[in-house]
Amino acid sequence: MDEIVLRGQVLRTEGNPFREGTDALRIDPDGAVVVAAGRIAAVDDGATLVAAHPGAEVIEHRDALICPGFVDAHVHYPQTAIIASWGKRLIDWLNAYTFPEEMRFGDPDYAARMAEAYLDLTAAHGTTTVASYCTVHPESVDALFTAAEARGQRVLAGKTCMDRNAPEDLRDDARRAYDHSKALLGRWHGRGRLSYVITPRFSPTSTRAQLEALGALWAEHPDCLMQTHLSEQTDEVAWVRELFPEARDYLDTYERAGLLGPNGLYGHAIHLEPRERARLAEVDAALVHCPTSNTFIGSGLFDMDGLTAAGLRVGLATDTGGGSSFSMLRTMAAAYEVGQLRGRPLHAAELIWLATAGSAEVLRLGDRIGRVAQGYEADLCVLDLASTPALALRAERAHDAWEALFATIMMGDDRAVRETWIGGRRVDR
C-alpha cells in the first residue's frame, strides 16, 4: 500500500467551537498526516510519523497549514457562468440571470462542460465537497455526478423542481418532479461518494401539489437529504404569504408538505419568525449561511449567535452564483463581516470550523469528512499562510498561527491554496 506523509502545521478539530469554545480546535505546529488508500491513516507529531513510515513519500509543508478540504453546503453549479451579475435582488435576479442560463442545461454537452468547469474552479479554491442544486433537467444532474465520479469526489446534488412562477421550459409538474427525482435517486444515490438530494427550489416556484409529491418521495427515502431555500429576503417572505394564505409562516409551507425534518437543509434563513426558529431546532433541521450571497443581493444579516445558541446546526456556503465568489476563504471573510455588523465577530477557529466540520455535520457527513482525523476520507487543503506579499508581511507580525490563519481568511484567494487533495489524490492545477 503506497503511503504519503504530508508534514506541516496541522489543524486538529476536537469539537464545536460555538458550544465548547475556540479551544475545541488547535493547530499543531509540527504535525503530519499519513494518506493511504484514499483515507487518513494516521495523524501525529511530524517526526514521529516520518520515522514510523520509512518507505513513504514525504511532502514538506512546514510553512503551511494542512486542514480539511472545504465543504460548501449550498451551491448552484448551473450558475457558474453568471456569477457576479449586476444589480438585482432575488426575484429579479432569478428572472434576469438565473432562469435564462438554466434553460441551457437541457443540452447534455453544455451541462457537462459547466460541471467540469465548476469542479475545476472549486478544487482550485480548496473545496472538496459541494451540495449543489442542478436545474429542472435530469441531464444537469447526470453531468455533475458523472464529472464528480470520474474525480472520485464527494458531491451531493439534485434536480431542481419548479412548476410555477418560472419560464415554461424550466417547469415540470408534480408527477414529473416525483418521477424524475426518484429515477435520478435510484441511479446515483449512494454510488461511490455521491448522494442524491431531493430539491424543491423554494415554495414560490412549487405548487402545493408539487411540494407534497416531493414530501412523499422524501418519506420513502428518509436517508436522503432535502434542500431548499427559506426566508432569504423580506419581499420573498411576503410573496409566500400571498401564495400560501393558509400557512402559519414560510416554514409551514414545507412542513404541511412533509418537507421538514432532521435531514432538511434550509438555505439562508435570515428573516425567521420565532415559531420557525423553535420548530427548526425541535426537529434538528440544518441551516446554511450564505454570507457573500446575502450581501451581494441585499438579503440581510444572518443571526449566527442566536441560531447556534438555539441548538441549530449551521453550515457555510458560497451560494454561487448568487454568491460572488467560488472561494470558501472569501465566504469565511464575509461571515466575519456579517458577524461584525451584528456585533459579534467570529474567531478564526469558528470560521474554519463552519467551512469544514460544521458544513460536514450539516450534510450528515461529519463522521467521514471535515476533520483531519484517522479513518476520515483524505480530502485535504494545504493553505499557504504567506501566499502574497501582503500576507507574507502580515504573517511576519502574527503572534501565533491563529492570527496568521485569520489574515489568510480575510485576504486570501486561490493563491493561498497550495494543494488540494480529493480522496487521497492531489488535484492537478
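The values are calculated or read from the model by the stated rules, or taken from the named source; none is laboratory data. Just so it is clear, the model here is predicted, and its values are computed rather than measured. Cβ coordinates were reconstructed from backbone atoms using ideal geometry, including for glycine residues, and neighbour counts include every protein chain displayed. Surface areas here come from the heavy atoms of the whole protein model, side chains and all, with no ligands, DNA or RNA. Shrake-Rupley method; radii C 1.70, N 1.55, O 1.52, S 1.80 Å.
Between the Cα long axis of helix 138-151 and the first principal axis of the chain there is an angle of about 10°, rounded to the nearest 10. The separation of the range 126-176 from the range 282-319, counted between C-alpha centres, amounts to 22 Å.
The candidate values are (1) 35, 27, 19; (2) 88, 19, 16; (3) 36, 23, 19; the one derived from this structure for semi-axes √(5λ) of the Cα gyration tensor in Å carries the label (3).
Which order, highest average first, do 210-221, 149-160 follow once you tally other Cβ atoms within 10 Å for each residue and take the mean per peptide? Display every interim value, and only then the final one.
Numbers: 210-221: 19.8, 149-160: 22.3.
So the peptides 210-221, 149-160, ranked by packing, come out 149-160, 210-221.
Taking each residue as 0.36 nm, the span from Glu403 to Arg26 lengthens on full extension beyond its C-alpha to C-alpha distance by 134.5 nm.
Counting only alpha carbon atoms, the long axis of helix 108-124 and the longest principal axis of the chain meet at about 40°. What's the percent breakdown of Cα-Cα distances in the range 305-393 across 10 Å bins, shortest bin first? For the range 305-393, the pair-distance distribution reads 15, 41, 35, 9, 0. Report summary: the helix-based calculation at 222 nm, which adds -39500 (n - 2.57) for every DSSP H run with n ≥ 4 and divides by the residues of the chain, gives -10500 deg cm²/dmol. Comparing Phe202, Phe70, Phe244 in a Gaussian network model of the chain, where Cα atoms under 10 Å apart are tied by springs, the biggest mean-square fluctuation is seen for Phe244.
How many percent of the accessible area of the range 358-422 is carbon or sulfur, using a 1.4 Å probe? C and S atoms contribute 50 percent here.
Please build a GNM for the chain, connecting alpha carbons under 10 Å apart, and tell me which residue among Asp249, Asp142, Asp109 fluctuates the most. Residue with maximal mean-square fluctuation among Asp249, Asp142, Asp109: Asp109. To the nearest 10 degrees, how steeply does helix 208-220 sit against the main Cα axis of the chain, on a 0 to 90 scale? The angle comes out at about 50 degrees. Shape class of the range 62-125 from the Cα gyration tensor (axes a ≥ b ≥ c, square roots of the eigenvalues): oblate, since a/c reaches 1.5 or more and a/b does not exceed b/c. Solvent-accessible area of His61, all protein chains in place: 10 Å² (probe radius 1.4 Å, heavy atoms, ligands and nucleic acids excluded). Length available on full extension from Arg344 to Ala309: 0.36 nm per residue minus the Cα-Cα distance, which gives 11.3 nm.
Looking at the chain only, what percent of DSSP beta bridges run antiparallel? Nearest 5 please. Around 45 percent of the beta bridges assigned by DSSP in the chain are antiparallel ones. Residues in the chain average 36 Å² of solvent-accessible surface per residue, probe 1.4 Å, ligands and nucleic acids excluded.
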